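The structure appears below as structure tokens.
Any read-out appearing in this document is the output of simple, stated calculations on the displayed coordinates, not a laboratory observation. Remember, it's a predicted structure, so these values are computed and weren't measured experimentally. Reconstructed Cβ throughout: ideal geometry from the backbone, glycine too, with neighbour counts over all protein chains shown.
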Amino acid sequence: MLCGLLVEWVGILAEPLHGRNAWRLERLVVGIIFAQGRRTVTSWFRAAGITRGFRSYYYFLAAVGLKVQDVGLRLLDLTLKRIPIGERLTLALDDTPTKRHGPKIEAAGRHHNPTPGPSGSKTLYGHNWVVLARLVKHTHSHIIGLPLWATLYVRQCDVPSLPRGIKPWEFQTKLELAATMIEATADSLKTRWDGPIWLLTDGGYAKRPVYAATKKAGWVMVTRLRRDAHLNDLPPVLKPGQNRGRGRPRIYGANRIKLSLRAGQKRGWETIEVVTSQGKVKRWEVKTFLATWRVAGGVVRVVIVRDESDRSAWRAYVCSDPKATVQEIAQGVADRWGIEQVFHDVKENERIGQVQLRKVWSNVGAFNLGLWVNSLVELWAWKRGKGSLVDRSASPWDDATRRASHGDRRKALQEELLDSEFRRCGICGHGSRKIRELFQAVVKLVA
């Protein structure tokens, strides 16, 4: 049922899979796009018309789960061909949980709940995923995240309960998983891009393993900094002709820098403008300075930010490139929200959190399929005008200038696929104007 570039793209993503099973990927993509109601795997099967041999697709999901890195790197190549790189390639890395129910779910455990809601629960039972995404800037939709692939984090206490049948599971922390993803992506980009690469992360990944991986790959890392981070000043600069003395040159300064004191000083602030992921312009007051940080292994640029609305509240960010400008770092901080929007979209539109599977590798394959469909929808809509993606004439109370959401782009893709299928069958294109208008209304209703 797929048409045009989607058939070609899904074929490229299926290349790492075994030839006997690769053809199943297209049918599952169709099912994810057209699934309605509660988005379990069986809803994918119903939408794709999978009835006989449905059990084979459960095994296929496990096969996909074993190849997520290879497929994710293929998807990265697609994004580079579809969306050219500008000044630099921007990637984002973060983790997100998905709820699961039942004691028989493999690899499920208690994880931090980032959205506790009215209940105020600090933890949830389910899976936790480390996700790597590419961030791109669109003319109308501004920052868009294209998720590439995700790896499953399993707590060390839950590893012994996993089966040893398919592939033995080795425990890795989130930081080690992130470092592995960075190394694999860097190796894949060696022959494709030799320009600057920026990695935007949350403060939880501002640790030595991630910094070591980005430094080895030659990437620039921008992340949030703890208020109590142990920073030092720069090492002393020798005067011309001055003897350095014995031993290696100093890397870190001898004096401690306290962020709270720097943020409390009234001098040194400047005002800049940044564009949020929704396209709104915000004014931030910033202060910057160079420091040395043992976690990063050398000199870093620190940026302290406070909003004009509340000057008492401040937050600090750090960039591993001391030559980066304040405007670049601040804009990178604002752009990082693109991956948070990805998490919202895959849970609200693809509803990947509703997939209920027992086997661990089937869960890995299903979650990544939701991410890949999210990216395919964005790639399909990239070169399309705003008018062809959303029609709010039936909702006069809505803001007509509002940017098209991922749900709008997904619905536009559904309508195009249905329209092309009906035309291929010869159902539309004939009859009176009234019949054609009725047909278009039915397509919109179905999509």
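Restricting the calculation to Cα atoms, region 305-375 shows an Rg/Rh of 1.19 when the hydrodynamic-style radius is the Kirkwood one. Straight-distance candidates among the lysines for linking to Lys215, with alpha-carbon spacing under 30 Å and chain neighbours fewer than 8 residues away dropped: Lys67, Lys81, Lys137, Lys174, Lys190, Lys207, Lys239, Lys258, Lys287, Lys323.
For Gly298, the residues 5 or more places off, or on other chains, whose built amide H falls under 5 Å of its own are Trp293.
Just tell me, in residue order, which DSSP H segments of the chain are both 24 angstrom or longer along the helix axis (alpha-carbon based) and at least -0.5 in mean Kyte-Doolittle hydropathy. Present the calculation step by step, with values, prior to reporting the outcome.
Numbers: long enough: 360-381 (32 Å, 0.88); 406-424 (27 Å, -1.65).
Qualifying helices, which must be both long enough and hydrophobic enough, are 360-381.
Reducing region 219-273 and region 298-350 to their Cα centroids gives an inter-centroid distance of 20 Å. Here region 275-343 is treated as an ellipsoid with the same Cα gyration tensor; its semi-axes, largest first and in whole Å, are 22, 16, 11. Using a Gaussian network model of the chain in which every pair of alpha carbons under 10 angstrom is joined by a spring, one finds that among Gln172, Gln341, Gln156 the greatest mean-square fluctuation is at Gln156. Computed from backbone phi with θ = phi - 60° and the Karplus coefficients 6.51, -1.76 and 1.60, the 3J(HN,Hα) list for region 150-164 is 9, 10, 8, 9, 10, 5, 4, 6, 9, 5, x, 7, 6, x, 9 Hz; x is used for glycine and proline. Taking amide H as placed 1.01 Å from N in the peptide plane, the amide H of Ile257 sits under 5 Å from that of Leu231, Asn232, Asp233, each at least 5 places away or on another chain.
According to the Kirkwood relation over distinct C-alpha pairs, the hydrodynamic radius of region 214-335 is 15.8 Å. Here the 3J(HN,Hα) profile of region 226-241, calculated from phi with Karplus coefficients 6.51, -1.76 and 1.60 at θ = phi - 60°, is 5, 5, 9, 4, 8, 9, 10, 6, 6, x, x, 8, 6, 6, x, x Hz, Gly and Pro shown as x. Near Val210: Cβ cut-off under 10 Å, other residues only, Lys/Arg at +1 and Asp/Glu at -1. The net charge is +3.
What net charge do the residues around Leu124 carry, taking every other residue with its C-beta under 11 Å from that of Leu124, with Lys and Arg at +1 and Asp and Glu at -1?
+4
Positive contributions from Lys and Arg (+1) and negative ones from Asp and Glu (-1), summed over other residues with Cβ under 11 Å from the Cβ of Val136, come out at +1. For the chain, the longest piece that avoids every one of the GluC sites (Glu not before Pro) found in DSSP loops with at most 14 other C-beta atoms within 10 Å covers 309-447.
Here the sum of -39500 (n - 2.57) over DSSP H runs of 4 or more residues, divided by the residues of the chain, equals -11500 deg cm²/dmol at 222 nm, to the nearest 500. Take 135-146, 233-244 and order them by the average number of nearby Cβ atoms within 10 Å per residue, most first; the result is 135-146, 233-244. Report Rg/Rh for region 240-295, rounded to two decimals, where Rg is the Cα radius of gyration and Rh the Kirkwood radius. Value, to two decimals: 1.19. Phi-derived couplings, Karplus 6.51 cos²θ - 1.76 cosθ + 1.60 at θ = phi - 60°, listed residue by residue for region 307-319: 7, 5, 6, 9, 7, 7, 8, 9, 9, 10, 10, 9, 10 Hz, with x used for Gly and Pro.
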